[in-house]
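The values are calculated or read from the model by the stated rules, or taken from the named source; none is laboratory data. From a predicted model like this one, the values you see are computed outputs, not experimental measurements. Positions of Cβ are generated from backbone atoms using ideal geometry, with glycine treated the same way; all protein chains shown enter the neighbour counts. To get the accessible areas, we keep the full protein, side chains included, count just its heavy atoms, and leave off ligands, DNA and RNA. Shrake-Rupley method; radii C 1.70, N 1.55, O 1.52, S 1.80 Å.
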Amino acid sequence: MKTITLNNRAVDGSFLQAVFLPERGLNLVSYTKGKLEAIDPNTRSAFEATFSGLGPLIGPHFYRQKKEWIARNFDESFFPHIVEMRKKGSEDPFPHGIARYVPWKCQVTQSQILAKLSSHDTYKGEKLSTFEGVDFEMDFRAELLPEGLEIEMSVQSPRVCLAGIHYYYALQNRHGKIRAVVQDVYNDMGIFKPMPKEWCKADLQHLEFDLSHFADYGFLPLKNHQGEIHFETEGQGLNITYQGDNEQISWQLYSPKDATFVCIEPMSARNPRGLEVTHSHFIARIEIV
């Protein structure tokens, strides 16, 4: 299986490495600083079965496509994962968009990937618009800097769309905490609700979420369309900074109860279940600490 490996040195001199699979949706299969691994290896089986583990991308749509937009006129044998998706009750054969299921065109240096994906690209002789159901263009940049792994993505389409990352970070011994300064509302399956006091420290804008609890919620930066997220787990952690265009930026927190991972997902949409724009962009930087 073809890989792309980026290497660099952290500010403190530690060796940094990020490994991607360009032919399998540019999945980030490993991101290390010295002996610390950010990506949860326990999710590899989910990646192999349905492309939903390790470090997948989001786009051009989020979660499950609207029924009237789902593409159906193609040979499903091209994608063996669809059988497993049907078992899970998913009518959408490509949850979170076609970007994670197909090869990307990449230009690579020692510390950077520049990649593109277009609805006019083909997979097994079929244009990608056949699978996504609409034309689109996506751009991706990954750069391994001394300060961390920087990911930049953009997307455009005649239909409302978004781009994002859905990395599965290792949750050591199933314990951890998320801290962030956010707006005093959260997104629950597309509906914004007042922030629960028990999730907060000091006030409703200082999120401090205990990952022993289930999480599948969205959050908004407090101001200036940018923010910072701190993830702490036993022996290691992450600092994630993110920024977007205008108000089209948010992040999703996903961690089933008793999971070995947590997903922290910056996305180029305020409400990924209620998309508003036909082009958007974001930048995120992930530092292992």
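Tabulated values for the structure
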| read-out | value |
| --- | --- |
| Single residue of the range 10-38 satisfying the filter (in a strand (DSSP E or B) and over 23 Å from ALA115 (Cα atoms)) that is least open to solvent (accessible area, probe 1.4 Å) | LYS33 |
| Index of the failed condition, SER255 passing every other in (1) surrounded by 16 or more Cβ atoms within 10 Å (Cβ to Cβ); (2) over 30 Å from PHE136 (Cβ atoms) | (2) |
| Qualifying residue in the range 39-51 (condition: out of contact with any helix residue (DSSP H, G or I) (no Cβ under 8 Å at 6 or more places or on another chain), assigned to a loop (DSSP other than H, G, I, E, B), surrounded by fewer than 18 Cβ atoms within 10 Å (Cβ to Cβ) and on the phi < 0 side of the Ramachandran plot) | no |
| Qualifying strands (runs of 3 or more DSSP E) (wholly inside the range 74-148; at least 3 residues being β-branched (Val, Ile, Thr), open to solvent by less than 20 Å² (accessible area, probe 1.4 Å) and without any contact (Cβ under 8 Å) to a residue 40 or more places away in the chain) | none |
| Every pair of residues 6+ apart whose Cβ atoms lie under 6 Å, when the first sits in the range 160-174 and is in a helix (DSSP H, G or I) while the second is modelled with pLDDT of 95 or more and open to solvent by 10 Å² or more (accessible area, probe 1.4 Å) | GLN172/THR233 |
| Test: residue in the range 57-66 that is open to solvent by 40 Å² or more (accessible area, probe 1.4 Å), touching a helix residue (DSSP H, G or I) at 6+ places or on another chain (Cβ under 8 Å) and within 14 Å of TYR101 (Cβ to Cβ) | no |
| Out of SER14, SER52, sole residue that is in contact with a Lys or Arg (Cβ under 9 Å, 6 or more places away or on another chain), hydroxyl-bearing (Ser, Thr, Tyr) and farther than 25 Å from VAL155 by Cα | SER14 |
| Failed condition for GLU198, given (1) part of a loop (DSSP other than H, G, I, E, B); (2) more than 30 Å from THR32 (Cα to Cα) | (1) |
| Set GLY190, GLY164: member being out of contact with any Ser or Thr (no Cβ under 6 Å at 6 or more places or on another chain) and open to solvent by less than 10 Å² (accessible area, probe 1.4 Å) | GLY164 |
